[in-house]
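Worksheet: one structure, shown below.
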Amino acid sequence: MAQKDSGKGRGKDRGPAGGGRKNARREASRTGLLEFAAQQDFRYCPNNASPRAEQTGLGGGRFLTSAQGFANQVLVRAPQQFRIRDMKAKVDCLAREQWPTARYGNRRILFLLPSQALGNNVCTLLFLQAFIEQCQPREVGVFCAQSAADIYLQAENITVFALWLARKDLRRWDMVIDLGHLESRRNIEFWPVDMEADLLDAFNLQPCTRFSPDPAPIGPSERPHIGIFPLASSPLRTLPVAATLAVITGLSEGFPAPLTLCLNRNQRQGQLYRQAIGDKLPSEVRIVDAFSSIGDLVDAVGGFDYLIAADSGPAHMAKLTATPGVAVYSSAPGDVLQGRFRNLSNWTVPYGGDYCTAPCGLAGVRETEDGRIGCMGSLGLGVEDLPQTPRQAQAGAVDRLFAEPVPCIRHLAENPGLLVDFVLNDLRNRSA
């Protein structure tokens, strides 16, 4: 269950977070919320989270959630147990313009999370540590962390509501802050931002001292255990199999060390990757097909001495453990996503074509009216002519993009030598 910060004495209460008359200090939540009632006691744990993230709810209560998957898979399917009361629920939140000047000391502050993307939540955790250090609240909580709950639980000083929050529990929080009011926390379709820096700027804070931007050292006499994480959430960023094999071969020949390839059999890309690479790996390479939870994934990232990762959650998680290594970028700018952290050396695919140059900034694939899915280069369209992002998952889209990758990923598959040289030089320099 959630870990709570011991805190200090409570300051003057500003009134219930979920009610009270409207004023210039408050505004309605922006992140989509659903209110439901439960007939009997219930208990659930988010997918991909450790048992510590499990929640229990009491029958007869009313609850709020922003977890659409939980709503579709649990609430809607059990009408005898749950009743949807409001599909567009709102809660009173501290107004966005009040964030940098409000007094948080000795108060209970609850943050509503608009996204469960792992990288976003790592950045939010970094921000929250700065908030705790510099604002000295009595307690900090996060609401609807969903599958990212383990990221916050491992910090040991944040109360975590993984899937829902009881209406009556909302009253004990002095302020609710919906991070969905920050533009960068919404869905960004083009060119990312340094989210930690953006959050810090919104609250007029400095980076926390708990997590250093510097890498952990690799001793000159060590044979570092190397972890390779080639998968990303989008085929725009996943390392091609040919490049991963080239890196493994280069390491075996130029810097022999224990190697572990980390995949995800619960992801379609992970299944395809395993099929494509399984019989081509040297026998000494260990394969991890999946991690039981996000918490185990964080522990694994911290357990390696050196990391080679696509632009993905593990690359962000390495900020929490100072794990050194290389992050490989294609569509997104590495210097922006890594922010102040220097534990990972950034390498960008050296690709340029008629319609795009890496990094292009595109966050996800687009779909044309005739069903073609891809990016500027693969669709043969300029930025101004790009169609909308697919509104729903397209059957076979991942398989198609895996077999016929976007141009920058195809370029890396055909020309992996520069990446191999970069990784070997980085390892040698860090071990010198």
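Remarks
- Qualifying residue in the range 99-107 (condition: within 24 Å of residue 212 (Cβ to Cβ), crowded, with 22+ Cβ neighbours inside 10 Å and in the same structural domain as residue 57 (by TED's automatic domain parsing)): no
To keep it simple, each residue is scored yes or no on (1) under 22 Å from residue 313 (Cα atoms); (2) touching a residue at least 12 places away in the same chain (Cβ under 8 Å).
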site	(1), (2)
340	yes, yes
345	yes, yes
361	yes, yes
372	no, no
376	no, yes
399	yes, yes
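- Unique residue being over 21 Å from residue 142 (Cα atoms) and surrounded by fewer than 19 Cβ atoms within 10 Å (Cβ to Cβ) when the list is 68, 39: 39
- When residues of the range 65-102 are limited to those that are of a type in the set (Lys, Arg) and under 21 Å from residue 29 (Cβ atoms), the one nearest to the chain's Cα centre (by Cα): 96
- Inter-residue pairs, beta-carbon under 9 Å, first in contact (Cβ under 8 Å) with a residue 40 or more places away in the chain and in a helix (DSSP H, G or I) and in the range 274-297, second basic (Lys, Arg) and surrounded by 15 or more Cβ atoms within 10 Å (Cβ to Cβ), 6+ apart: 295/52
- The number of residues in the range 32-55 that are outside any loop (DSSP other than H, G, I, E, B), farther than 24 Å from residue 292 by Cα and of a type in the set (D, E, K, R) comes to 1.
- Selection from the range 239-270 of residues that are farther than 20 Å from residue 406 by Cβ and in contact with a Lys or Arg (Cβ under 8 Å, 6 or more places away or on another chain): 255, 256, 257, 258, 259, 260, 261, 263, 265
- Under the condition of being touching a Lys or Arg at 6+ places or on another chain (Cβ under 8 Å), within 12 Å of residue 91 (Cα to Cα) and aliphatic (A, V, I, L, M), the residues counted in the range 167-180 number 1.
- Being in a helix (DSSP H, G or I), of a type in the set (Val, Ile, Thr) and closer than 24 Å to residue 218 by Cβ is not true of residue 260.
- Checking residue 385 against (1) touching a Leu at 6+ places or on another chain (Cβ under 9 Å); (2) touching a residue at least 12 places away in the same chain (Cβ under 8 Å); (3) over 27 Å from residue 122 (Cβ atoms), the condition it does not meet: (2)
- Residues of the range 51-69 satisfying the condition of being in contact with a strand residue (DSSP E or B) (Cβ under 9 Å, 6 or more places away or on another chain), of a type outside the set (S, T, N, Q) and either farther than 12 Å from residue 33 by Cα or assigned by TED's automatic domain parsing to the domain that holds residue 291 (or both): 52, 53, 54, 57, 58, 59, 60, 61, 62
- Residue in the range 329-343 that is of a type in the set (A, V, I, L, M, F, W, C), buried (at least 22 other Cβ atoms within 10 Å of the Cβ) and under 20 Å from residue 276 (Cβ atoms) present: no
- Looking only at the range 300-320, and only at residues there that are over 15 Å from residue 217 (Cβ atoms) and hydrophobic (A, V, I, L, M, F, W, C), the one that is surrounded by the most Cβ atoms within 10 Å (Cβ to Cβ): 315
- Filter result (in contact with a Pro (Cβ under 9 Å, 6 or more places away or on another chain) and closer than 20 Å to residue 337 by Cβ) within the range 148-165: 148
- Checklist (1) within 18 Å of residue 222 (Cβ to Cβ); (2) without any contact (Cβ under 8 Å) to a residue 24 or more places away in the chain; (3) touching a Leu at 6+ places or on another chain (Cβ under 6 Å) applied to residue 323, failing item: (2)
- Selected residue (only one of 424, 379, 386 is in the same structural domain as residue 359 (by TED's automatic domain parsing), out of contact with any Cys (no Cβ under 6 Å at 6 or more places or on another chain) and under 22 Å from residue 241 (Cβ atoms)): 424
The values are calculated or read from the model by the stated rules, or taken from the named source; none is laboratory data. Just so it is clear, the structure is predicted and the values come from calculations on it, not from any experiment. Cβ sites come from the backbone with ideal geometry, for glycine too, and all protein chains shown count toward neighbours.
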